[in-house]
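Have a look at the structure below before the remarks.
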Amino acid sequence: MEVEKKQQCSELLQLVIDGQATQQQRHELDEHLPKCECCRNEFELSLSIKEGLKSRLKKPNLPSELATSIQSKVLELA
Amino acid sequence: MSVGESMPYKSKDKQRVFNKEFMPHIDAMYNFAYRLTLDEDDAKDLVQETYLKAFRFINSFEEGTNAKAWLFRILKNSFINNYRKVSKQPNKVDYQEVESYYNSESVDEKITTDLRVETVQHMIGDEITNALNSLDIDFRTVIILCDLEGFTYEEMAKILDIPIGTVRSRLHRARNLLKEKLVNYATSMGYKDKRK
């Protein structure tokens with residue numbers, strides 16, 4: 001794929017994946033993906049990484065006393 | 001996110017706004033702080049400091065506007081001021097280098113062909129966490145804000161004090177670096193590409 005086109009596609013993919021694309025941009029990508037295996041692979045891979053980050057990243061536990069501690073310090077400031 | 005436009009709150013309203021608008025975000029704030037500092041105690045201190053600052057400057061917050069983005073911005077600035085200068089994080093990213101990297105397409109091609117969706121799907125949380133944590137702080141931050149917290153580019157631009165174009169290019173670069181890390185993990189863990 002030519003350099004400029006590839007870069008445009010990468011930008012378009014990112015916009016769609018992040019929910020920031022316009023309807024026209026989404027349509028443009030829908031038209032392009034079936035015709036380009038390279039972009040299809042990149043799209044699916046990027047989606048799966050985004051999904052993995054959201055669902056499988058270990059979450060730290062919020063310390064139980066933190067909210068109470070903040071609220072009592074704020075009361076002192078008020 | 002506007003500064004100095006709203007009327008000062010009465011004393012009792014400050015408490016009410018604080019509890020109603022700010023406190024519900026404490027989980028997300030702690031997550032963000034932890035992913036920046038990578039230390040539970042530092043994260044706790046950072047969140048507490050951010051909330052106290054938010055209370056002190058509550059008159060700059062307009063009730064009903066985006067409290068989460070407003071708080072994240074304060075937290076990010078506090079982190080830069082307090083932790084970054086004493087941390088052993090790599091130096092600030094050279095964005096000239098970033099832009100030139102962004103403009104070269106060869107990187108994407110290689111990473112995409114070296115990493116498969118199935119491989120990513122088989123990775124456990126630890127591997128993805130390690131890959132994310134190993135990124136430079138500026139790159140880690142845009143991924144956290146976008147992929148974990150779901151901020152829009154516009155919100156990210158305000159939180160980070162950078163133009164939207166920079167948000168997009170930094171995010172693009174951050175994702176390529178993350179893919180590189182995941183390729184390395186996949187290789188070291190012995191994931192095989194079935195096509196080869």
Relative exposure of B:S60, A:S72, judged by other C-beta atoms within 10 Å (fewest first): A:S72, B:S60
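Other chains' Cβ within 10 Å of B:142-153 residues: what's the mean?
Values: counts 0, 3, 2, 0, 7, 9, 5, 1, 3, 1, 3, 4.
Average neighbour count from other chains, rounded to a whole number: 3.
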Where the eigenvalues come from the Cα gyration tensor of chain A, what are the semi-axes √(5λ) of the equivalent ellipsoid, largest first, in whole Å? 44, 16, 10
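Within the set of other residues whose C-beta is less than 15 Å from the C-beta of A:Q24, count the net charge using Lys and Arg as +1 and Asp and Glu as -1. Spell out each step's value before the answer.
On the way: positive: A:R26; negative: A:E11, A:E28, A:D30, A:E31.
Here the charged neighbours net out to -3.
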Enter the mean number of other protein chain beta carbons within 10 Å of the beta carbon of each residue in A:39-46, as an integer. 5
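For peptide A:61-72, what's the mean number of Cβ atoms from other chains within 10 Å of each residue's Cβ?
Mean partner shielding for this stretch: 5.
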What FRET efficiency, computed as 1/(1 + (r/R0)^6) with R0 = 35 Å and r the Cβ-Cβ distance, is obtained for A:E31 and B:I162, rounded to the nearest 0.05? 0.65
With +1 on each Lys and Arg Cβ and -1 on each Asp and Glu Cβ, how big is the dipole of segment B:127-166 about its Cα centre, in debye rounded to the nearest 20? 20 debye
Distance in nm between B:M23 and A:Q20 label points, each 7 Å along Cα→Cβ, equals 3.4 nm
Length-normalised contact order of segment B:11-84, Cα under 8 Å, at least 6 apart, in percent, tallies to 36 percent
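What dipole magnitude, in Debye to the nearest 20, does segment B:11-84 give about its Cα centre under +1 on Lys/Arg Cβ and -1 on Asp/Glu Cβ? Show your work: numbers first, answer last.
Numbers: 12 positive and 11 negative charges, 57 e Å.
Here the size comes out at about 280 debye.
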Violations at 18 Å Cα threshold for listed pairs A:K58/B:K53; A:K73/B:K68; B:K14/B:K76; A:K59/B:K179; A:K73/B:K12 -> A:K58/B:K53; A:K73/B:K68; B:K14/B:K76; A:K59/B:K179
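Any read-out appearing in this document is the output of simple, stated calculations on the displayed coordinates, not a laboratory observation. Keep in mind the model is a prediction, meaning the values are calculated, not measured. As a convention, Cβ positions derive from the backbone with ideal geometry for all residues, glycine included, and neighbour counts pool all protein chains shown.
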